[in-house]
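**Student:** Below are the structure tokens for one structure; questions will follow.
The values are calculated or read from the model by the stated rules, or taken from the named source; none is laboratory data. Quick caveat, the model's predicted, so the values are computed rather than measured. Cβ: placed from backbone, ideal geometry, glycine included. Neighbour counts: every protein chain shown. Ligands, DNA and RNA are excluded from the accessible area calculation, which covers all protein heavy atoms including side chains. Shrake-Rupley method; radii C 1.70, N 1.55, O 1.52, S 1.80 Å.
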Amino acid sequence: DVKVTQSSRYLVKRTGEKVFLECVQDMDHENMFWYRQDPGLGLRLIYFSYDVKMKEKGDIPEGYSVSREKKERFSLILESASTNQTSMYLCASSLDTGELFFGEGSRLTVL
Amino acid sequence: KNQVEQSPQSLIILEGKNCTLQCNYTVSPFSNLRWYKQDTGRGPVSLTIMTFSENTKSNGRYTATLDADTKQSSLHITASQLSDSASYICVVSAVYSSASKIIFGSGTRLSIRP
């Protein structure tokens, strides 16, 4: 079975702090994605990557950056967290941009 | 504009009853449509995939339909169980010459009452 592991299920940070969200997949998928999920808005794409060291902006990249130094790992970085970044963050991977395999999610609260 | 609309937003039914969730989309060029189930506090998991030529697909008590002409899909749940309580998300993929795009609906929150 594909396993996508997100490093933290729950985080509480203060405004202005730097936040790292880590995601690791074990199925050698080329494609990895970061989404945020907010009530009533569905999943919105922040960034995605089709290969190591490659990244593409999604629909809402502002305030975020990503890093993909190894195929299995895709990190989401909030350089200076703000309260409007309080959300559920979901990492996903896929082999051919078909079925997405999601991690369990990281619920971030910014105070 | 590519959009996926789901209805109802939320639904409460009694255990053992059937229900149908709706998904309308305006995504083009259409590649496929998936239904995902998301348990509370967990990541979504794929239930079914529908391509252009398919109009019905079953996965246990879940049956998805697709009408590519009217751009509508439904997910029918038969003999509901408490474990069916979850959000159900309709996801449509569009494929362009050099890329693809995945568009999510905002989901239907289903609650099964004993």
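**Student:** Going by Cα centres, the stretch B:42-114 and the stretch A:32-111 are how many Å apart?
**Tutor:** For the stretch B:42-114 versus the stretch A:32-111, the Cα centre distance is 22 Å.
**Student:** With contacts defined as alpha carbon pairs under 8 Å and 6 or more residues apart, what's the relative contact order of chain A in percent?
**Tutor:** 36
**Student:** Which aspartates and glutamates does B:K1 reach when only Cα atoms under 19 Å apart count, and residues fewer than 8 places away in its own chain are ignored?
**Tutor:** Here the aspartates and glutamates satisfying the reach criterion relative to B:K1 are A:D59, B:D69.
**Student:** Place a +1 charge on the Cβ of each Lys and Arg in the protein assembly as shown and a -1 charge on the Cβ of each Asp and Glu, then give the dipole magnitude about the Cα centre in debye, rounded to the nearest 20.
**Tutor:** Around 480 debye, computed over the protein assembly as shown.
**Student:** Could you compute the longest span of chain B free of chymotrypsin sites (Phe, Trp or Tyr not before Pro) located in DSSP loops and having at most 12 other Cβ atoms within 10 Å, not counting the site residues?
**Tutor:** Within chain B, the longest run free of exposed chymotrypsin sites (Phe, Trp or Tyr not before Pro) spans B:1-51.
**Student:** Cβ under 11 Å from B:A86's Cβ, B:A86 left aside: what net charge do those residues give with Lys, Arg +1 and Asp, Glu -1?
**Tutor:** +1
**Student:** Something else: Choose one of B:S100, B:C19, B:G41: the residue whose Cα lies farthest towards the positive end of the charge dipole of chain B (beta-carbon charges +1 Lys, Arg; -1 Asp, Glu; about the Cα centre).
**Tutor:** B:G41
**Student:** At 1.4 Å probe size, with the rest of the protein present, what percent of the exposed accessible area of the protein assembly as shown is carbon and sulfur atoms?
**Tutor:** Here it works out to 49 percent.
**Student:** Where in the stretch A:90-107 does accessible area fall by at least 40 Å² between the isolated chain and the complete protein assembly, at a 1.4 Å probe radius?
**Tutor:** A:T97, A:E99, A:L100, A:F102, A:E104
**Student:** While we're looking at this one, here's another question. Nearest 100 Å² is fine: how much accessible area is buried between B and A, summed over both sides, with a 1.4 Å probe?
**Tutor:** Its buried surface, counting both partners, is about 1400 Å².
**Student:** Next question. Please find, in a Gaussian network model of chain B (springs between Cα atoms separated by less than 10 Å), the residue of B:V92, B:V45, B:V27 whose mean-square fluctuation is greatest.
**Tutor:** Of the options given, B:V45 has the highest mean-square fluctuation.
**Student:** Restrict the search to the stretch A:11-98; then list the GluC sites (Glu not before Pro) that DSSP places in a loop and that have at most 11 other Cβ atoms within 10 Å of their Cβ.
**Tutor:** Listed in order of number, the matching sites are A:E62, A:E79.
**Student:** So, counting K/R as plus one and D/E as minus one, what does the shell of residues with Cβ under 14 Å around B:T48 add up to? Intermediate results must be reported in sequence, preceding the final value.
**Tutor:** Details: positive: B:R34, B:K37, B:K57, B:R61; negative: A:E99, B:E54.
Summing Lys and Arg as +1 and Asp and Glu as -1 gives +2.
**Student:** Using θ = phi - 60° and the Karplus relation 6.51 cos²θ - 1.76 cosθ + 1.60, list the HN-Hα couplings for the stretch B:107-114 in order, rounded to whole Hz, with x at every Gly or Pro.
**Tutor:** x, 10, 8, 9, 10, 9, 9, x
**Student:** Give the accessible surface of chain A per residue, rounded to a whole number of Å², with probe radius 1.4 Å and ligands, DNA and RNA excluded.
**Tutor:** So chain A comes to 50 Å² accessible per residue, rounded to a whole number.
**Student:** In 10 Å bins starting at zero, report the fraction of Cα pairs in chain B per bin as a rounded %.
**Tutor:** Reading upward from the zero bin: 15, 48, 29, 7, 1.
**Student:** Using a cut-off of 14 Å between beta-carbons, work out the net charge of the residues near A:C23 (Lys and Arg +1, Asp and Glu -1, A:C23 not included). Intermediate results must be reported in sequence, preceding the final value.
**Tutor:** Working: positive: A:K3, A:R9, A:R36, A:K55, A:R68, A:K70, A:K71, A:R73; negative: A:E22, A:D26, A:E69, A:E72, A:E104.
It works out to a net charge of +3.
**Student:** Could you size up the charge dipole of the stretch A:9-111 around its Cα centre, putting +1 on the beta carbon of Lys and Arg and -1 on that of Asp and Glu, and report it in debye to the nearest 20?
**Tutor:** 460
**Student:** Continuing with this model, one more query. Expressed as cubic angstrom per residue, what is the convex hull volume of the alpha carbon set of chain A?
**Tutor:** So the per-residue Cα hull volume is 92 Å³.
**Student:** A further question on this structure: For the stretch B:1-63, with every protein chain kept in place, what is the accessible area per residue (1.4 Å probe, Å²)?
**Tutor:** Using a 1.4 Å probe on heavy atoms only, each residue of the stretch B:1-63 averages 55 Å².
**Student:** Report, as an integer, the average count of C-beta atoms from other chains found within 10 Å of each Cβ along B:30-38.
**Tutor:** The per-residue average across the peptide is 2.
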